[in-house]
Amino acid sequence: MKSIITIDTGTTNTRAVLWQDGEKVEKDFEPVGVRDTSITGDKKRLKEAVKKSIEVVLKDSDVIDHSEVTVIASGMITSDLGLEEVPHLEAPVGAFELAYGMVRKSIPEVFDQPIWFIPGVKNTDKNIWPGSITNMDIMRGEEVEVIGAISQLGMSGPAVLILPGSHTKIVKLDRKNCISGSITTMTGELMEFLTKKSILADSLDESFTDFLDEDALKLGAKTYTSNGITRTAFSVRLLDMYTDYSRNQRANYLLGSILENDIMAIRNTEVFSIGSKDPFIILGNQILSQAFKVLIENNKFIQGRVITREIPDLAGLGVIEIAKLRKVEEDKRNET
């Protein structure tokens, strides 16, 4: 049986999924990413992690014949810190462009078959100067999640996709279901720092939101619009000292301020325009997705309907769709 292994490498982790006939069969997770390359200046640890993840999923599924296995990698593994640097494609980019922008590379110390690498996407970078730098953006890994979402949800653009995370991506799809541009924020990273490593850690018990409190969330968002992020963040400590707000309410208040900052970035961006009927599709963590939904629906300047979904292995599903377009299995047969 023919098998596809999808490799998704980020800053800190590498995930491998073995697929057969479009179904997930095995999965492996290794706590190694391109940050390790950055720290050591050597790709040895990353190569070992990718090799191990491939070996684990093959062993667990009793796959012996490697000639029947295709490995396709996406994410930061295609950066200069990864295993094979592949230049970003310039938006607009759709599934077809990603499929035929893939690069195949033999890395025998990782796997005895060639590995396919899917390129990332960047905004058009013509006439970029310091004053317009917010019009530039890059992604490696989210592009395949977008293709997976299109496939799984039967989406048709124009639409705005929000992928919350350490670095939240807001991606605009055009009428041809191509990525026309994106903007990135440091949502999760800022939340992590303020919650666990700042003066607010004591007021939040170093813990995130347990469950959504819409009133506290909206109050944090409202306070941000008139006071900015730094003053609103410090107000979390004041809420602890002078009000009966619970720890969870304080966490919601902080979350509301940070997400409202992202929504302001969406409203003010010059990278793409948002039509009055453009839907917003928010993918990922349930609390973050629901919080985004509440605040977007509460924003009078955004009129499109808001949809939230949580789709496991979204990156792998997108890679499978791209592989079908490129017909990588057929290419493999023609070589033998």
Practice task
Tell me, yes or no, whether region 29-41 has at least one residue that is basic (K, R), modelled with pLDDT under 90 and open to solvent by 20 Å² or more (accessible area, probe 1.4 Å).
Solution key: yes
Exercise for the section: Mind telling me which of the residues L89, L81 ends up being modelled with pLDDT of 90 or more, in contact with a strand residue (DSSP E or B) (Cβ under 7 Å, 6 or more places away or on another chain), under 25 Å from V171 (Cα atoms) and surrounded by fewer than 22 Cβ atoms within 10 Å (Cβ to Cβ)? Expected result: L89
Handout entry: Spans of helices (runs of 4 or more DSSP H) in region 181-277 with at least 1 residues in contact (Cβ under 8 Å) with a residue 60 or more places away in the chain
Key = 187-196, 214-242, 247-268
Handout entry: Considering residues of region 59-78 that are open to solvent by 10 Å² or more (accessible area, probe 1.4 Å) and touching a residue at least 24 places away in the same chain (Cβ under 8 Å) only, the residue nearest to V121 (Cα to Cα)
Key = M76
Problem - Hey, T223 at pLDDT 95 or above and either in contact with a Ser or Thr (Cβ under 8 Å, 6 or more places away or on another chain) or open to solvent by 20 Å² or more (accessible area, probe 1.4 Å) (or both) or not - result: yes
Exercise for the section: Please give the strands (runs of 3 or more DSSP E) falling wholly within region 1-102 in which 3 or more residues are not charged (D, E, K, R). Expected result: 3-9, 14-20, 69-75
Practice task
Count, please, the residues in region 28-48 that happen to be under 23 Å from D112 (Cβ atoms), touching a Gly at 6+ places or on another chain (Cβ under 9 Å) and touching a residue at least 40 places away in the same chain (Cβ under 8 Å).
Solution key: 2
Completion exercise
A careful count of residues in region 165-181 that are among the small types (G, A, S) and within 29 Å of R231 (Cβ to Cβ) gives 2
Handout entry: Positions within region 283-292 being more than 16 Å from the chain's Cα centre (by Cα) and either in a loop (DSSP other than H, G, I, E, B) or under 18 Å from K172 (Cβ atoms) (or both), in sequence order
Key = none
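The values are calculated or read from the model by the stated rules, or taken from the named source; none is laboratory data. As the structure is a computational prediction, the values presented were derived from the model and not from experiment. Positions of Cβ are backbone-derived with ideal geometry, glycine not excepted, and every protein chain shown enters the neighbour counts. Please note that ligands, DNA and RNA were not included when accessible areas were found on the heavy atoms of the full protein model with its side chains. Shrake-Rupley method; radii C 1.70, N 1.55, O 1.52, S 1.80 Å.
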